[in-house]
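Below: one structure, written as structure tokens.
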Amino acid sequence: MDVKLPKLGEGADSGVVVSILVKEGDSVQEGQTLLELENEKAVAPIPSPASGVIARIRVKEGDKVSVGQVILTLSGDDKASAASPKEEPIPAKSAKPAKKARLVQPEPPASGEAEPAAGFPQQSEDTIAAPPAVRRVARELGIDLTRVEGTERGGRIGMGDLRTHLQRLQRIAFAPKATAAAGKPPAESIDFSKWGPVSRKPMSQLRQVIARRMTENWTTIPHVTQFDEADISSVMDLRKKHLAAYEAKGARLTLMPFVIKAVVTTLKKHPLFNSSLDEATGEVIFKDYFHLGVAVDTEAGLIVPVLRQADQKSLFQLAKEVEELAARARDRKVSLEELKGGTFTISNQGGIGGAQFTPIINKPEVAILGLGRGMLRPVVREKKIEPRLMLPLALSYDHRVIDGGAAARFIVDLVAAFGQFSEAEAKL
């Protein structure tokens, strides 16, 4: 049997092979990982759909592969060759005479949606899992089912998915045309070797994703950055006092758990900063949950895993989960789902030594907090000059949703939250 690349998740139709864990002649079991695929910022294992022997590997490391493309061939016992995916696609009927083909204009891609990669076979409409009624309506409307996202079990396309696809096409058709893209000059390739020796290194898949996302975030969101400093002297005293107790229970008490606590407290007072803008409807969506993205600096590039339900966790739980998330991000072991659903992002350069900077908002969020290196400064308190440990803060926000007054009030309350930690909160 030919093993094809399965559906990778919502909006994901291709990836790059980063490692192949089997070789030709190996016996594999159903569910065993065959290869690892980099998609967006996550590395996902691709399991074998059946048991058997690897007869032929059809891809190599570094190849870009698309959903439905054959990645290897399994052979062996009858059980393996008879194995099939959990849900078989409905074959096209051949009993009736074929109708005369209609010329259908190709559907335009959504804004930011990449066209299928050239040189790779695409998924055939006959292999799409969909009931006859959906196929009939799609034929009548001239819709290519390979471009419809199936949300039912096993990626099956339902009538609701067809309706969502049509609504998306309507929004694209009636949306104002982007003049910036139309007027953008073509990219120019410069021969830098005319002035001296050079070397070339292709951008990795992750770096390309980061570049695309950062460009989109910067060009579609009007950024404003609000700066301030927070006195974290008392916070660091608490950390020093309880550090050993946390380590005894397997957690490192860093500054980040305190930052997360302070951010959540402030977000509850200012829910606009925990929202998103629905650009299609012009509505602001307020979220009643607090899933905070924590930017992690890895050898491969910036990755932002999401810490769920941050408001429901103690300092100890936050310390343990932040450390585990960061470790898995550096090892490229976070799943694509763990990179989604964030409501607010924190980027900390203090450990590296950076001071003030202007972080770029992580769309579709509306704000991001940047932290610099804490430094001892002379501060006037009660008419006396004292050395205090001051933490640089940089709050970038979406000016379509948030005004300067709201941002100033947010950062004032955030600064105050750093001075309100009690002994009880830190004590185990």
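The values are calculated or read from the model by the stated rules, or taken from the named source; none is laboratory data. All values derive from a computational prediction rather than experimental measurement. Here Cβ is always computed from backbone atoms with ideal geometry, including for glycine, and neighbour counts include all displayed protein chains. Accessible surface is based on the protein model in full, side chains and every heavy atom, while ligands, DNA and RNA are left aside. Shrake-Rupley method; radii C 1.70, N 1.55, O 1.52, S 1.80 Å.
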Per the C-alpha gyration tensor (a ≥ b ≥ c, the square roots of its eigenvalues), the range 175-302 is rounded if a/c is under 1.5, else prolate if a/b beats b/c, else oblate; here it's oblate
What ranking of GLU188, GLU30, GLU425 comes out by heavy-atom accessible area, probe 1.4 Å, highest first? GLU188, GLU30, GLU425
Report the local net charge at HIS242: Lys and Arg +1, Asp and Glu -1, summed over other residues whose C-beta lies under 13 Å from its C-beta. +2
Express in whole angstrom the spacing between the alpha-carbon centres of the range 260-335 and the range 337-391. 15 Å
Per-residue ³J(HN,Hα) for the range 137-150, Karplus 6.51 cos²θ - 1.76 cosθ + 1.60, θ = phi - 60°, Hz, x for Gly and Pro: 5, 4, 5, 5, 8, x, 9, 7, 5, 5, 9, 9, 7, x
Using a Förster distance of 22 Å, how high is the FRET efficiency between LYS7 and GLN32, based on the Cβ-Cβ distance and rounded to 0.05? 0.70
Note on the range 331-428: alpha-carbon gyration tensor, axes a ≥ b ≥ c; rule is a/c under 1.5 for rounded, else prolate if a/b larger than b/c, else oblate; result prolate
Checking the range 298-349 for GluC sites (Glu not before Pro) in a loop per DSSP with at most 12 other beta-carbon atoms within 10 Å yields GLU299
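Using only the Cα atoms of the range 1-45, build the gyration tensor, take square roots of its eigenvalues as a ≥ b ≥ c, and label the shape rounded, prolate or oblate: rounded if a/c is under 1.5, else prolate if a/b is larger than b/c, else oblate.
Prolate is the answer for the range 1-45, as a/c is 1.5 or above and a/b outweighs b/c.
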Name the long-range amide H neighbours of GLU30: under 5 Å, sequence gap of 5 or more, or other chain; modelled H, no Pro or chain starts. SER51
